[in-house]
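The values are calculated or read from the model by the stated rules, or taken from the named source; none is laboratory data. None of these values were measured; they are calculated from a predicted model. A quick note on method: Cβ atoms are made from the backbone with ideal geometry, for glycine too, and the neighbour counts reach across all protein chains shown. Accessible surface areas use protein heavy atoms only, side chains included; no ligands, DNA or RNA. Shrake-Rupley method; radii C 1.70, N 1.55, O 1.52, S 1.80 Å.
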Amino acid sequence: MSLERNSPRSERRTPSLSHRDYRTIRKIGEGTFSEVMKVQSLRDGKHYACKTMKQPIESDKDTGTLSLICELMEMNIYEFIKGTVRCVCCVEVLHTEVNVSCVPPPGRQCPLAESKVKHYMFQLCRSLDHMHSHGIFHRDVKPENILIKNDVLKLADFGSCRSIFSRPPHTEYISTRWYRAPECLLTDGHYSQKMDVWSAGCVFFEILSLSPLFPGRNELDQVNKIHDVLGTPDITLLQKFKQSRAMRFDFPPRKGCGISHLIPQCSAAALSLLHLMLTYDPEERISARAALQHPCFRDLRMSERKAASLRKAIGAVEGESSGIPASVDQLWRIARQGRRQHLKHAGDPFSRRNASHFPLELPKLNVVVPTPSIPYPVSSFPALTGSHRGSLPAISKKCHPRLTKPKEEPHRFKSYYMPPLERRPDEC
Ligand SMILES: Nc1ncnc2c1ncn2[C@@H]1O[C@H](COP(=O)(O)OP(=O)(O)OP(=O)(O)O)[C@@H](O)[C@H]1O
């Protein structure tokens, strides 16, 4: 995606899109900073998500509202966990089986199969690894910011992300409370990309158990909830945290009930990864990259490797035989149907022998990092101005007062305020 400043100069470079190019269908989401609508492009007839920032942009040259056109996803993981879909007539979320009238969602009754949860977590860890290896950390990983469509997960809402090379102390009050790592709670901004892994661990637990792991009511309760499960950490770690905390804190040593106690049906491999992601000390906590190599994801890695060699083999014979699937999507569909396509004979790559062993192709996780080359897209249209080229990203940048102060770009994260998650206890 790219957005253009709606000035005569940029219009000369790329034809810019306006609100007249989209038909609004309905509202599909709302966050602190934006409202998200389902829209239809009048150019290609396709549906998109249009995220419009609540904060209008006012500057000397341009004023207006910033809207971003993104790929339309089905729902977020919070809605998914609740077993809900959006109502066709309003933004209320409904149970999957109800689609015409607004009734309270009864919530998902059955836990998801662990293989499915692993598949989701593999994608989430991969998205984090991708970000971290490109020098960015997200700082607000939570179910509401993970979008899903056809079992493909996309990490959204990069409005809080920060460079991993920036020096602490960072902004203290960051990330949503329930998913906030101990170092964010107990230090004055001395955290790093490992905080994303903690949050992802909390999401992992929540998808497995269908309820949040640490639903703290306030900061102190949040720390207590963590200690209830994990116990108080080693005194040396608390001392280390204390060095970067102006406020005093003391926690009498106690043992936690343990994560396994809360999810007794969980496999040893998944539990082991959960423990590593929810390690109190960020220095000891597993990285996103190492998590991808954990035995918990062994089957998924093997499937990917097989699929990669299959793609390679197909590439080698492509053109020699008609009916060969050209895209990964097609391969994925074939894999899902369980059709084994054996490539022993290059001329006959899709014979039906050994049909049960077709390697499972994982859908690709598309993670889009914010484009630093977009300075401060400003629109003179009151409603919407945007344009896109090529494939659309899953996420969009967040509108923020900083948009009105382009000159402060290098320091824009410093003043960031992340409101706490205030789900009601009955929504857990
Ligand atoms: N591309 C999309 N496709 C479908 N739904 C989306 C899309 N982008 C956002 N949404 C929905 O809109 C909600 C709000 O979007 P988003 O989190 O980006 O807004 P925000 O204002 O940045 O929120 P926050 O309060 O987390 O800062 C999401 O939780 C999701 O349900």
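So that you can scan it fast, the table gives a plain yes or no per residue for (1) open to solvent by 20 Å² or more (accessible area, probe 1.4 Å); (2) among the acidic types (Asp, Glu):
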{"position": "Gly256", "(1), (2)": "yes, no"}
{"position": "Ile263", "(1), (2)": "no, no"}
{"position": "Ala268", "(1), (2)": "yes, no"}
{"position": "Glu284", "(1), (2)": "yes, yes"}
{"position": "His294", "(1), (2)": "no, no"}
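Inside region 236-254, can you point out the residues that are open to solvent by 90 Å² or more (accessible area, probe 1.4 Å) and closer than 13 Å to His190 by Cβ?
Correct list: Gln243, Ala246.
Give region 129-171 a look and list any residue that's within 12 Å of the ligand (Cβ to nearest atom) and part of a loop (DSSP other than H, G, I, E, B), or say none.
Those that are within 12 Å of the ligand (Cβ to nearest atom) and part of a loop (DSSP other than H, G, I, E, B): His138, Arg139, Asp140, Val141, Lys142, Ala156, Asp157, Cys161.
Here is a yes/no grid of residues against (1) open to solvent by less than 10 Å² (accessible area, probe 1.4 Å); (2) touching a residue at least 24 places away in the same chain (Cβ under 8 Å):
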residue: Asp151; (1), (2): no, yes
residue: Asp157; (1), (2): no, yes
residue: Ala181; (1), (2): yes, yes
residue: Trp198; (1), (2): yes, yes
residue: Cys202; (1), (2): yes, yes
residue: Leu210; (1), (2): no, yes
residue: Asp221; (1), (2): no, no
residue: Pro233; (1), (2): no, yes
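When region 53-75 is examined, which residues are found to be within 13 Å of the ligand (Cβ to nearest atom) and crowded, with 18+ Cβ neighbours inside 10 Å? Talk me through it step by step, then tell me what you get.
Of all residues in region 53-75, those within 13 Å of the ligand (Cβ to nearest atom) come to 53-55, 66-75.
Correct list: Met53, Leu66, Ser67, Leu68, Ile69, Cys70, Glu71, Leu72, Met73, Met75.
For region 292-317, enumerate the residues that are over 17 Å from Ser115 (Cβ atoms) and in a helix (DSSP H, G or I).
The answer is Arg305, Ala308, Ser309, Leu310, Arg311, Lys312, Ala313, Ile314, Gly315, Ala316, Val317.
Picking from Arg26, Arg86, which residue would you name as being within 15 Å of the ligand (Cβ to nearest atom), at pLDDT below 85, over 18 Å from the mean Cα position of the chain (by Cα) and open to solvent by 40 Å² or more (accessible area, probe 1.4 Å)? Give the derivation first.
On the way: Arg26 fails: at pLDDT below 85.
On inspection, the qualifying residue turns out to be Arg86.
With respect to Leu185, is the statement that it is away from the ligand (no atom under 16 Å from the Cβ) and either farther than 26 Å from Met75 by Cα or assigned to a strand (DSSP E or B) (or both) true?
Details: away from the ligand (no atom under 16 Å from the Cβ): yes; either farther than 26 Å from Met75 by Cα or assigned to a strand (DSSP E or B) (or both): yes.
Taking the combined requirement at face value, the residue satisfies it.
With the structure loaded, tell me whether Gln293 is more than 21 Å from His227 (Cβ to Cβ), among the polar types (S, T, N, Q) and modelled with pLDDT of 90 or more or whether it fails that test.
Working: more than 21 Å from His227 (Cβ to Cβ): yes; among the polar types (S, T, N, Q): yes; modelled with pLDDT of 90 or more: yes.
So Gln293 passes the test.
Give the residue that is modelled with the highest pLDDT, with candidates limited to residues of region 32-52 that are among the hydroxyl-bearing types (Ser, Thr, Tyr) and within 11 Å of the ligand (Cβ to nearest atom).
The initial filter retains those residues of region 32-52 that are among the hydroxyl-bearing types (Ser, Thr, Tyr), namely 32, 34, 41, 48, 52.
Filter once more, keeping what is within 11 Å of the ligand (Cβ to nearest atom): 32, 34, 48, 52.
Details: Thr32: 84, Ser34: 91, Tyr48: 97, Thr52: 93.
Ranking the candidates gives Tyr48 first.
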